[in-house]
1. Of all residues being touching a residue at least 60 places away in the same chain (Cβ under 8 Å) and either over 18 Å from Pro249 (Cβ atoms) or not basic (Lys, Arg) (or both) in the stretch 173-194, which is surrounded by the most Cβ atoms within 10 Å (Cβ to Cβ)? Just the residue, please.
2. Kindly state which strands (runs of 3 or more DSSP E) lie completely within the stretch 103-196 and contain at least 2 residues that are more than 29 Å from Gly257 (Cβ to Cβ).
3. With respect to Pro27, determine if the residue is in contact (Cβ under 8 Å) with a residue 24 or more places away in the chain and not hydrophobic (A, V, I, L, M, F, W, C).
4. I'm trying to understand the selection: among the residues of the stretch 268-288, which are over 15 Å from Leu343 (Cβ atoms) and in a helix (DSSP H, G or I)?
5. Being in contact with a Cys (Cβ under 7 Å, 6 or more places away or on another chain) and more than 23 Å from Ala318 (Cβ to Cβ) is true for just one of Leu56, Leu29. Which residue is that?
6. Being crowded, with 24+ Cβ neighbours inside 10 Å, farther than 14 Å from Gly319 by Cβ and at pLDDT 95 or above narrows it down to one of Ala70, Ala103, Ala99, Ala108, so name that one.
7. I'd like the full set of residues that are acidic (Asp, Glu), open to solvent by 10 Å² or more (accessible area, probe 1.4 Å) and touching a Gly at 6+ places or on another chain (Cβ under 6 Å), limited to the stretch 271-318.
8. Looking at Glu265, is it more than 13 Å from the chain's Cα centre (by Cα), within 20 Å of Ser336 (Cα to Cα), open to solvent by 60 Å² or more (accessible area, probe 1.4 Å) and charged (D, E, K, R)?
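The values are calculated or read from the model by the stated rules, or taken from the named source; none is laboratory data. In this text, all values refer to a predicted model and were calculated from it rather than measured experimentally. Cβ coordinates were reconstructed from backbone atoms using ideal geometry, including for glycine residues, and neighbour counts include every protein chain displayed. Just the protein is used for accessible areas: all its heavy atoms, side chains included, with ligands, DNA and RNA removed. Shrake-Rupley method; radii C 1.70, N 1.55, O 1.52, S 1.80 Å.
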Amino acid sequence: MIELLRELVEIESPTGGTADVRDRLAPELKTLGGVVSFEAGHLRADFAGDGAPLLLLGHFDTVWPRGTLATQPWRVEAGRAFGPGSYDMKGGLVVMLEAIRRAHTERALRVMLTADEEIGSPTARDAIARAAEGAAAGLVCEPPSSRGHLKTARKGLGRFHLRVTGRAAHAGHPKDGASAIEELARLTLRLHALTDESGVSANVGVIAGGTRENVVAAEATAWIDVRVPTSAARDRVDAFLHGLEPETPGTSIELDGGWTRPPLERSAGAGVLFERAREHGRALGLDLREVSAAGGSDGNLVGALGVPVLDGLGAEGAGSHATNEHVLVDSLSVRSELLASILRDPGL
């Protein structure tokens, strides 16, 4: 398992450049008995068997550009395997493959591995929807929580771009103009006020505007990250965003962008999946709990189709999207056995 993880990590696969790692994973799935097909750069494998298939989800793209290995090479130190993409989520891919090998199940399985999950799966959505047709459950091999727990809910995500147009004037005569920057500052406060105890969060993360310090700004822009725990919260925030009106006279607002992932709300089916996983975990010495995550995954898309989803079944570790990204080596075997037990469970 550790050798396969090393091989996958050392095949750099930033979003948009994933063909090599896809082609490496395909023969692994074929060897395990899957009928493999490529769908617009994504990888699917179907395993014949009884009953409605269990759908295994993952992705092989990473946030790291080519050349990252030169400064963040593969290494194993003190029981931790370091390298770009090791935790998110090539360790999870190793867990998935090993679990299928160990399961020896007669249950039908379906694997869907996507190539652009890190940017919201824009080209994978149709392939994911087809893979989810008739599935009994979605099992996502993304990393577990920081304490090793499983995820039965995830927030929905939105990415929005705001453009404010004003009117330029000499800074010495500001009333002759209309400052787009002033309006954007007001909007930023209004947007940040959306963050509340319900779980909604809004962050204006990137701003730009103006031309010179002695010119009233005629234009300003912002990129906004919005996260919502429920569909009702999404609809409320969406109405707010599209109803924004300027407070600064002489300015106007344009909004584009949209929701990249729907919320994955905890379902009764997800609760059943978790309880079965917790029982299997106990037999392995794991004390698993269910948690909600602020980030999204392809599980959000499957859950929105009415399929119960259990997420966080990958390898333990830390440092997702960070320079200290790593997998706990000992977790590879334990988490593979956990997933294999789930795949063998006749009650699912």
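1. Here the residue is Ala180.
2. Passing ranges, in order: 107-114, 137-140.
3. no
4. Across the stretch 268-288, the qualifying residues are Ala268, Gly269, Ala270, Gly271, Val272, Phe274, Glu275, Arg278, Arg282.
5. That would be Leu56, the only listed residue that is in contact with a Cys (Cβ under 7 Å, 6 or more places away or on another chain) and more than 23 Å from Ala318 (Cβ to Cβ).
6. Testing whether each residue is crowded, with 24+ Cβ neighbours inside 10 Å, farther than 14 Å from Gly319 by Cβ and at pLDDT 95 or above leaves just Ala99.
7. Answer for the stretch 271-318, where residues must be acidic (Asp, Glu), open to solvent by 10 Å² or more (accessible area, probe 1.4 Å) and touching a Gly at 6+ places or on another chain (Cβ under 6 Å): just Glu316.
8. When the stated conditions are applied, Glu265 does not pass them.
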